[in-house]
1. 222 nm [θ] for the chain, helices only, -39500 (n - 2.57) per DSSP H run of 4+, per residue, to 500?
2. Which ³J(HN,Hα) values, rounded to whole Hz and listed in residue order, are derived for the stretch 77-91 from phi using the Karplus coefficients 6.51, -1.76 and 1.60 in 6.51 cos²θ - 1.76 cosθ + 1.60 with θ = phi - 60°, glycine and proline given as x?
3. Roughly speaking, what is the stretch gain from ASN113 to LYS52, that is 0.36 nm per residue apart minus the C-alpha to C-alpha distance, in nm to one decimal?
4. With springs only between Cα atoms under 10 Å apart, run a GNM on the chain and tell me which of ILE115, ILE31, ILE53 wobbles the most.
5. Net charge near SER103: determine it from the other residues with C-beta under 12 Å of the C-beta of SER103, scoring Lys and Arg +1 and Asp and Glu -1.
6. Work out the P(r) tail for the stretch 74-145: percent of alpha carbon pairs separated by more than 19 Å, whole number.
7. So if the hydrodynamic radius of the stretch 2-66 is defined as the Kirkwood radius over C-alpha pairs, what does Stokes-Einstein give as its diffusion coefficient at 37 °C and 0.692 mPa s, in µm² per second?
8. With Kirkwood's inverse mean 1/r over C-alpha pairs for Rh, give me the Rg to Rh ratio of the stretch 103-146, two decimals please.
Amino acid sequence: MKVILLADVKGQGKKDDIIDVSNGYANNYLIKNKLAVAYTEGSKKVLDAQIKIRQDNEDALVASLNEIKAKLANKTIKFQVKTGAQDKVFGKISTKQISDELSKMGYKIDKKNIIIDHEIDTLGTHTVTLKLHKRVEFNINISLVK
C-alpha cells in the first residue's frame, strides 16, 4: 500500500515522502497514529500544494533575510571596553552582547545565529559570522575600542 508520510518515521522515511508499506502496517500503525495518509490522486494534489506553499514561504523569508544581509554586510559594531595594563581587555565580547547591540540597531537576531570563530578579547577589529538561514550567511565586523 502506498502512503504519504505526515511526519518523519524512523526506518521508513521523512515527512512528505511517498513510500510503499504493507497494508497492515499502513492501516494499523501509520494511518491510525496520523503519521501517514493513504496515497490517492487527491492526497497527492494536496501534498503538492502544501509543498509549493512551504517553498513560497521559504523563498519570501530568504528574500527578507537577504535584505537584512545587504544592510548589515558592511557594518561595523563598536564596543567600548575597559582595558588594563598593556591594553589587555577585561572579559570578552559574547554572542549575547552582539545580539543586544544588533537589537538596538533595529535587527532582531538571536544569539544562536551568531558564530564566533575565536575569542573577541583584544582591541581592534574582529569578524563574526551571522547565519540567519541555511541559504543566508554573512560576516560583520566587531570593533573593540578603549
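1. Details: 2 runs with 42 residues, N = 146.
Here the helix-only value at 222 nm equals -10000 deg cm²/dmol.
2. For the stretch 77-91, the Karplus curve yields 9, 9, 10, 8, 10, 8, 10, x, 4, 6, 6, 7, 6, 7, x Hz.
3. Taking 0.36 nm per residue and subtracting the Cα distance, the gain is 19.3 nm.
4. ILE31
5. So the surrounding residues net to +1.
6. Details: 786 of 2556 pairs.
Of the Cα pairs, 31 percent sit more than 19 Å apart.
7. On the way: Rh = 12.8 Å.
Once the numbers are plugged in, D ends up at 256 µm²/s.
8. 0.99
Values quoted throughout were computed directly from the atomic coordinates according to the rules given, and no laboratory measurement underlies them. As the structure is a prediction and not an experimental result, all values here were calculated from the model. Here the Cβ is made from the backbone with ideal geometry for all residues, glycine too, and neighbour counts use every protein chain on show.
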